[in-house]
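Below: one structure, written as structure tokens.
The values are calculated or read from the model by the stated rules, or taken from the named source; none is laboratory data. Model, not experiment: these values are computed from the prediction. A quick note on method: Cβ atoms are made from the backbone with ideal geometry, for glycine too, and the neighbour counts reach across all protein chains shown. Just so you know, the surface numbers come from the protein's heavy atoms only, side chains and all, with ligands and any DNA or RNA stripped out. Shrake-Rupley method; radii C 1.70, N 1.55, O 1.52, S 1.80 Å.
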Amino acid sequence: MTNFSHLHLPVTAAECRLRGWEYVDVVLVSGDAYIDHPSFGLALIGRVLEKQGYRVAILAQPRHDIPDDFLRFGKPRLFFGITAGNLDSIVANYSSNGKVRDFDAYSEGGSPWRGKEQSRVNRKRPDRATILYANLARHAYKDVPIILGGIEASLRRFIHFDYKQNKLRSSVLTDGKADLLIYGMGEKAVTAVAAALQQGEVPSGVAGSCERLSNQAFQDFREKVPPEKITYLPSWTELQNNKSNFMEAELLIDRHARSRSGTILVQQQQSGWVIQHPSPQPLDSHELDAIYSLPFQRTPHPTAGDIPAYRMIRHSVTIVRGCSGNCSFCAITRHQGPSITSRSKESILAEVKCISAMKDFSGTISDLGGPTANLYGSSCALGGCKKHDCLFPKVCEHLRIDENMFIDLLDSTAELAGIKHVFISSGLRMELLLKTPKLLEKLIASHIPGSLKIAPEHTETDLLRLMHKEEHAVLAKFVNHCGTIAKKMKKEVHLTPYVITGHPGSNEKSAVLLVTRMKKLRLGVRQFQDFTPTPGTISTAMLVSGLDRNKKKISIPSQSDKSRQRAIVEASFHKSSPQKNRKRRK
């Protein structure tokens with residue numbers, strides 16, 4: 001078989017013909033421009049399927065007012081794989097207060113528009129892209145299986161809150177009338193689904209997938225499964241009648257996800273049922289290494305143009321997957337899982353060597369990172385537990401942190417030919433850095449690009465508890481410790497704290513106290529964001545239900561309250577030019 005690994009995956013019928021293909025097996029559809037880099041889920045899944053011998057084509061940012069683009073490659077032999085892209089489409093298209101965004105880092109030139117007219121039809125990534133793409137694929141070929149995946153599908157797989165519409169919505173699986181939904185990091189599930197379809201079988205019971213069943217099909221399913229293997233989430237009717245049930249649903253999903261239980265979760269929708277099969281075992285280091293060794297071109301497709309997100313990550317390396325932090329406002333644990341998998345040093349160095357050979361490489365590795373960079377090399381002395389909650393309310397005594405492993409990686413990377421600088425730009429957990437003093441000193445001495453990024457998120461005890469974050473005393477201790485290191489090294493240490501305003505439970509007083517306590521520590525807050533109620537987070541469940549994790553009532557700030565909180569922080573830290581200096585996290 002001819003090897004096309006030196007090429008991007010095809011994006012046109014002409015490129016398929018150049019390969020001698022008369023058909024494709026899989027068409028992967030995305031709301032992002034196509035970048036063949038392992039930081040982008042579409043490319044990663046595409047290369048995994050290609051490795052299995054399937055013919056994979058990419059349909060990037062198709063028109064969504066007509067189905068013509070979905071006919072581009074002819075009828076795919078196996079399935080359409082659909083994702084909204086690296087971001088949830090509502091998060092990509094709107095700010096937390098519903099304002100239309102005029103910048104999209106995953107589109108050419110950062111423009112979210114196809115032309116000068118700024119209308120919904122002309123958006124490169126439509127609202128609720130997963131559902132719309134599924135409908136268009138079904139219109140194009142009625143009998144081709146449609147498989148949903150990616151961050152939007154993963155976090156909207158059950159009944160969820162849509163902040164743009166300010167209401168609960170059914171699963172994208174039922175709204176999109178797709179055949180299957182793959183949640184989480186989908187390499188194992190998508191491989192199993194493709195193998196089943198290759199054999200002419202209907203993929204069912206696949207670990208890491210959700211199925212859509214009619215009422216009758218669900219009754220048949222229930223007769224085959226022991227009752228103790230099924231957990232019922234609150235139904236559509238129960239959620240509409242009592243919003244406190246939404247917190248119960250999210251806590252159940254969260255608990256089963258973190259414990260990696262073998263339970264099947266089921267939820268009745270407005271029509272039919274969604275059943276979630278247990279997740280597969282996370283990839284181990286060898287499996288993760290194998291994926292990152294696939295022949296990524298590490299560049300946008302030649303037709304994609306200049307993509308801001310690519311410029312940010314082109315010389316970066318992912319070294320760790322998963323996060324056991326479980327921050328209430330963050331969906332990483334829900335999507336990537338709570339288990340930590342670290343790549344081997346050999347695999348990482350091999351990728352750095354590939355980067356160093358790139359024409360535009362000037363000697364700087366911009367990031368050796370991941371969801372939490374300094375969880376690299378960590379493990380559980382118990383071999384894992386049901387809680388998988390390693391950092392709250394304090395670092396678990398069973399969490400093993402190998403700072404020497406990280407230091408060795410930094411040293412080995414820096415010693416490679418052509419490498420001038422190795423930076424850690426990903427977020428770092430302060431409580432872990434305090435337990436790894438040698439690593440912290442090394443980072444400050446040589447591996448921080450201008451400033452050390454930390455994420456205290458707030459300063460007030462009640463809010464930190466709601467956010468599932470470490471107490472404020474940790475921040476104070478960390479700042480003092482960095483000051484000691486700075487004196488020792490006779491070097492300035494710049495700290496960049498991230499904070500959130502407008503979180504459930506917050507008010508104007510808490511914003512004032514945030515400012516006061518940050519200034520007391522001589523910290524300037526230049527990176528902050530309004531709380532955004534993204535699907536699949538406990539904080540969003542707080543907003544909807546008015547309850548905390550313990551089912552106790554909390555105050556929910558109105559939009560005007562959130563605006564005033566933001567104004568307090570802006571006025572205190574950005575008096576000179578708030579619009580110019582204010583930065584927000586993705």
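Taking amide H atoms as placed 1.01 Å from N in the peptide plane, the amide H of residue 29 lies under 5 Å from those of 59, 81, 82, 83, each 5 or more residues away in sequence or on another chain. A simple charge model with +1 on the Cβ of Lys and Arg, -1 on the Cβ of Asp and Glu and nothing else charged puts the dipole of the chain at about 1780 debye relative to its Cα centre. Close amide H pairs (under 5 Å, H built 1.01 Å from N) link residue 496 with 452, 453, 454, residues at least 5 positions away or on another chain. In a DSSP loop and with at most 11 other Cβ atoms within 10 Å, the trypsin sites (Lys or Arg not before Pro) in the range 120-149 are 120, 142. A 1.4 Å probe, protein heavy atoms only, puts the accessible area of residue 63 near 100 Å². Taking all protein chains as shown and a probe of 1.4 angstrom, residue 236 keeps an accessible surface of around 40 Å². Beta bridges from DSSP with both residues in the range 1-149: antiparallel share about 15 percent, rounded to the nearest 5. For the listed residue pairs 438/520; 345/453; 442/562; 51/359, the alpha carbons are over 31 angstrom apart in 442/562. DSSP beta bridges confined to the range 192-330 are antiparallel in about 75 percent of cases. Give me the dipole magnitude in Debye, nearest 20, for the range 368-484 about the Cα centre, with unit charges on the beta carbon: positive for Lys and Arg, negative for Asp and Glu. So the magnitude is around 100 debye. Along its three principal directions, the equivalent ellipsoid of the range 6-82 from the Cα gyration tensor extends over semi-axes of 17, 16, 11 Å, largest first.
Taking loop as defined by DSSP and a crowding limit of 10 other beta carbons within 10 Å, which GluC sites (Glu not before Pro) in the range 73-170 fit?
Sites meeting the loop and neighbour criteria: 117.
With the highest mean first, a sort of the peptides 507-514, 215-222, 181-188 on other beta-carbon atoms found within 10 angstrom per residue produces 181-188, 507-514, 215-222. Pairwise Cα distances in the range 439-583 exceed 24 Å in 36 percent of cases. Kirkwood hydrodynamic radius, the chain, all distinct C-alpha pairs: what's the number in Å? Final number for the Kirkwood radius of the chain is 24.9 Å. Note on the chain: antiparallel DSSP beta bridges, both residues inside, total approximately 40 percent of the bridges counted. Using the Cα coordinates of the range 55-106, the gyration tensor eigenvalues translate into equivalent-ellipsoid semi-axes of 28, 12, 9 Å, sorted from longest to shortest. Spin-label model, residue 287 to residue 555: label points 7 Å out along the Cα-to-beta-carbon direction sit 4.7 nm apart.
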